[in-house]
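Asker: If you scroll down you'll find the structure; I have some questions about it.
The values are calculated or read from the model by the stated rules, or taken from the named source; none is laboratory data. On a predicted model such as this, the values are computed, not experimentally measured, just so you know. Here Cβ is always computed from backbone atoms with ideal geometry, including for glycine, and neighbour counts include all displayed protein chains. Quick note on the areas: whole protein, heavy atoms, side chains included, nothing else; ligands and nucleic acids left out. Shrake-Rupley method; radii C 1.70, N 1.55, O 1.52, S 1.80 Å.
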Amino acid sequence: MNKKLIALAALLPCLALVGCVSTAAPDRDPSFTTVAPAATPTADPTMPIADGIVDTVWVEVFGGTTFTAKTGCKCTLPGTTAELFPAGTPVLFLKVTLTGEWKPSQGSQTTQDVTGTTLKGTQFDGRPEPAVLDSVDGPAAAKAAGLPWLPGGLFHGKTDWTIQNNKGRSFAAAFYLPAGVDRLVLTVDVPSEGQATHLFVTLPEAAVRASTASGE
């Protein structure tokens, strides 16, 4: 009995101190599972970075990669002589997909009319001027990506432009990146829709960095 009391007395100081712990590993509770920290999510190129619809044409935007313009736009702002986007300006490259969406009033119709589709009215958020297409280097970048250049390239030589329901058709567009922008307001104007589709495209980090660097 005395030996038990002595042993208990010896343990009391240890129990009172935070730093006095057992070196033996505690038994695992089988009801708990160790989970590794979640990995940082990355952009999925198969997922649109913006999408929307007015009536029967679903518009999706993919990509957001950048390249450097080999030649300038040869354009100026009113009242200035300096080239707005000289050679070396970063360019934003996008893939735009149009998909027909059937509605009950169309009966058995299987296609949608997209004749005359344009990107007129597109501009970078916070900039007063329209976004400028890189019509010099853009077509080559589109060809390298296996895409036609702009809607006109998608329906080259055709008078009536139509797309099938539930089947996307894609084309490429490339815009010079002004300094300090982080969002593009892409305007896809399909005349048959009655009004344009305005898509707010948040630029990927690489494009924002390129835009910031171009203004330094």
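Asker: Is there a residue being open to solvent by 60 Å² or more (accessible area, probe 1.4 Å) and farther than 25 Å from Val54 by Cα anywhere in the stretch 152-172?
Answerer: Yes: one or more hits.
Asker: Would you mind telling me which numbered condition in (1) outside any helix (DSSP H, G or I); (2) open to solvent by less than 30 Å² (accessible area, probe 1.4 Å) Ala207 fails?
Answerer: It is condition (1) that Ala207 fails.
Asker: For the stretch 45-163, please list each of the strands (runs of 3 or more DSSP E) lying entirely inside it that holds at least 2 residues being touching a helix residue (DSSP H, G or I) at 6+ places or on another chain (Cβ under 8 Å) and over 24 Å from Asp182 (Cα atoms). Write out each step before concluding.
Answerer: Values: elements: 50-53, 57-68, 90-100, 111-113.
Qualifying strands (runs of 3 or more DSSP E): 111-113.
Asker: Ok, one more. Just checking, does the stretch 103-113 include any residue being among the β-branched types (Val, Ile, Thr) and modelled with pLDDT of 95 or more? I'd like the intermediate steps shown before the answer.
Answerer: Our first condition is that a residue be among the β-branched types (Val, Ile, Thr); within the stretch 103-113, this holds for 110-111.
Going one step further and asking which of them are modelled with pLDDT of 95 or more, we end up with 110-111.
Yes: one or more hits.
Asker: Among the residues of the stretch 166-216, write down those that are small (Gly, Ala, Ser) and within 16 Å of the chain's Cα centre (by Cα).
Answerer: Ser170, Ala172, Ala173, Ala174, Ala206, Ala207, Ala210, Ser211 - these are the residues of the stretch 166-216 that are small (Gly, Ala, Ser) and within 16 Å of the chain's Cα centre (by Cα).
Asker: When the residues of the stretch 199-216 are narrowed to those that are among the polar types (S, T, N, Q) and in contact with a Leu (Cβ under 7 Å, 6 or more places away or on another chain), which ends up modelled with the lowest pLDDT?
Answerer: The residue in question is Ser214.
Asker: Answer yes or no as to whether Thr110 is among the polar types (S, T, N, Q) and exposed (fewer than 14 other Cβ atoms within 10 Å of the Cβ).
Answerer: It is true that Thr110 is among the polar types (S, T, N, Q) and exposed (fewer than 14 other Cβ atoms within 10 Å of the Cβ).
Asker: Within the set of pairs 6 or more residues apart or between chains, which connect a residue that is hydroxyl-bearing (Ser, Thr, Tyr) inside the stretch 90-102 to a residue that is open to solvent by 10 Å² or more (accessible area, probe 1.4 Å) and assigned to a loop (DSSP other than H, G, I, E, B) with Cβ atoms less than 7 Å apart?
Answerer: Thr99/Asn166; Thr99/Lys167
Asker: May I pose another question? Being touching a strand residue (DSSP E or B) at 6+ places or on another chain (Cβ under 6 Å), under 15 Å from Leu94 (Cα atoms) and among the charged types (D, E, K, R), is that true of even one residue in the stretch 139-151?
Answerer: No.
Asker: Taking Gly121 and the conditions (1) within 21 Å of the chain's Cα centre (by Cα); (2) more than 19 Å from Ala196 (Cα to Cα), which numbered condition does it fall short on, given that it satisfies the others?
Answerer: (2)
Asker: Would it be correct to say that Thr99 is in contact with a Phe, Trp or Tyr (Cβ under 9 Å, 6 or more places away or on another chain), open to solvent by 40 Å² or more (accessible area, probe 1.4 Å), among the β-branched types (Val, Ile, Thr) and under 22 Å from Val190 (Cβ atoms)? Talk me through it step by step, then tell me what you get.
Answerer: Details: in contact with a Phe, Trp or Tyr (Cβ under 9 Å, 6 or more places away or on another chain): yes; open to solvent by 40 Å² or more (accessible area, probe 1.4 Å): no; among the β-branched types (Val, Ile, Thr): yes; under 22 Å from Val190 (Cβ atoms): yes.
When the stated conditions are applied, Thr99 does not pass them.
Asker: Still on this structure, please answer the following. Picking from Gly79, Gly72, Gly63, which residue would you name as being buried (at least 20 other Cβ atoms within 10 Å of the Cβ), modelled with pLDDT under 95 and not acidic (Asp, Glu)?
Answerer: Matching residue, one of Gly79, Gly72, Gly63: Gly63.
Asker: Still on this structure, I have one more. Based on this model, can you work out whether Phe175 counts as under 17 Å from Ala69 (Cβ atoms) and in a strand (DSSP E or B)? If you could, list the steps in order and put the result at the bottom.
Answerer: Working: under 17 Å from Ala69 (Cβ atoms): yes; in a strand (DSSP E or B): yes.
Criteria met by Phe175.
Residue by residue, here is whether (1) under 20 Å from Lys167 (Cβ atoms); (2) of a type outside the set (Asp, Glu) holds:
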residue	(1), (2)
Val96	yes, yes
Gln106	yes, yes
Thr111	yes, yes
Thr118	no, yes
Asp125	no, no
Glu129	no, no
Asp134	no, no
Asp137	no, no
Ala140	no, yes
